[in-house]
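Visitor: Here it is: the structure, laid out below.
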Amino acid sequence: MSELPQADPQQRWKPAWAASEARIRENAGHTAVRTAVPRNSRVSKLDADLLDDELTDMLREPVSKAMSLLRPQLVDRHRLEIDTAIKAVLFWLSAGSASRRATYGQSLQNLKYDSSGHHDVLRRLRMFGALSIGGAYGWSKLTSYMAANGWADAPQNSVKRKIWRVLDRLERMTRVATLLNFLAFVATGQYKTLVERVLGLRLVFARPQVSHSVSFEFLNRQLVWHAFTEFVMFALPL
């Protein structure tokens, strides 16, 4: 009996491998690795404001001490002006410059301002500083003046009482709008203040692929040292 011709063993797996290779390439195209772009963190934006407030508090003490040497009662009388001047100078040197577009706290959190496609970012930032810092100062001075002069207790039909009512309603409406804006910020992560929403200023990552975490090594050392000194002060009388 003549033997049947046997097929080459290598020829058996080549068609299966070709079909498998085609399926592998097709699946690889659907599951391509994409570069992850970090989203703006709400916590980072709020922490940036806290860092700016801490910097203002740090500068307030030496400025107040220097002014108290000239006239002691000058600091208490013009505390609001001192805080406003410090905030204005810090804002002008940081976010007000064309190269930075971010406050010092925002720079530590790897954030900067963007104007939603508009090219006049610097002009909008300076308007933001004028409204947020200068507007808050003007409103505080106006309400203090009206309260000190008794505008709320003026006669019902007087001009002062009418102005007081209008401004009081405006303040309440602003507080409600601020609350609604903050809820929208929690939901979307954009525009943490009303002024930012009106001017179209968004906080975005300055370098998306760079970590924006702040080192707390110095703060940890300060906390440990503070706890140790408190323990020593407690143990010495014993």
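The values are calculated or read from the model by the stated rules, or taken from the named source; none is laboratory data. All values reported here derive from a predicted model rather than from experimental measurement. Backbone-built Cβ (ideal geometry, glycine too); neighbour counts: all protein chains shown. Heavy atoms of the whole protein, side chains included, go into the accessibility calculation; ligands, DNA and RNA do not. Shrake-Rupley method; radii C 1.70, N 1.55, O 1.52, S 1.80 Å.
Visitor: Students sometimes get this wrong: rank 86, 163 by accessible area, probe 1.4 Å, all chains present, largest first. Spell out each step's value before the answer.
Guide: On the way: 86 20, 163 70 Å².
Reading off the accessible areas and sorting them downward yields 163, 86.
Visitor: Okay, next question. For residue 224 and residue 68, what does the FRET efficiency come to when R0 = 25 Å and r is the distance between their Cβ atoms, rounded to the nearest 0.05?
Guide: Working: r = 33 Å, r/R0 = 1.31.
It comes out at approximately 0.15.
Visitor: Here's another thing I want to ask about it. Per-residue accessible area for residue 176 at 1.4 Å probe radius, Å² rounded to 10?
Guide: Accessible area of residue 176: about 80 Å².
Visitor: Applying 1/(1 + (r/R0)^6) with R0 = 35 Å to the Cβ-Cβ distance of residue 114 and residue 78, what FRET efficiency is obtained, to the nearest 0.05?
Guide: Given R0 = 35 Å and the Cβ-Cβ separation, E is 0.45.
Visitor: For residue 43 and residue 98, FRET efficiency with R0 = 30 Å and r from the beta-carbon atoms, rounded to 0.05?
Guide: Numbers: r = 28 Å, r/R0 = 0.94.
Once the sixth-power term is evaluated, E becomes 0.60.
Visitor: Ordering 137, 113 by how much accessible area each has at a 1.4 Å probe, largest first, what is the list? Mind showing how you got there, number by number?
Guide: Numbers: 137 65, 113 5 Å².
Listed by decreasing accessible area, they come as 137, 113.
Visitor: Under 1.5 on a/c is rounded, so check that first for region 64-195, then, if it is not, pick prolate when a/b is larger than b/c and oblate when it is not; a ≥ b ≥ c are the square roots of the alpha carbon gyration tensor eigenvalues. Provide the component values of the computation, followed by the final result.
Guide: Values: a/c = 2.58, a/b = 1.28, b/c = 2.02.
Taking the square roots of the gyration eigenvalues as a ≥ b ≥ c, region 64-195 is oblate.
Visitor: Test of understanding: what is the full-extension gain from residue 165 to residue 136, defined as 0.36 nm times their sequence separation minus their Cα-Cα distance? Don't jump to the answer; show the numbers that get you there.
Guide: Working: separation 29, 0.36 × 29 = 10.44 nm, distance 1.92 nm.
That works out to 8.5 nm of additional length.
Visitor: Could you please put 44, 158 in sequence from largest to smallest accessible area, using a 1.4 Å probe? Please report the intermediate quantities before stating the final value.
Guide: Working: 44 10, 158 30 Å².
From most accessible down to least: 158, 44.
Visitor: Along Cα→Cβ, 7 Å out, is where each label goes; now give me the distance between the ones at residue 177 and residue 122 in nm to one decimal.
Guide: Each label point is offset 7 Å from its Cα along the Cβ direction, giving 2.9 nm.
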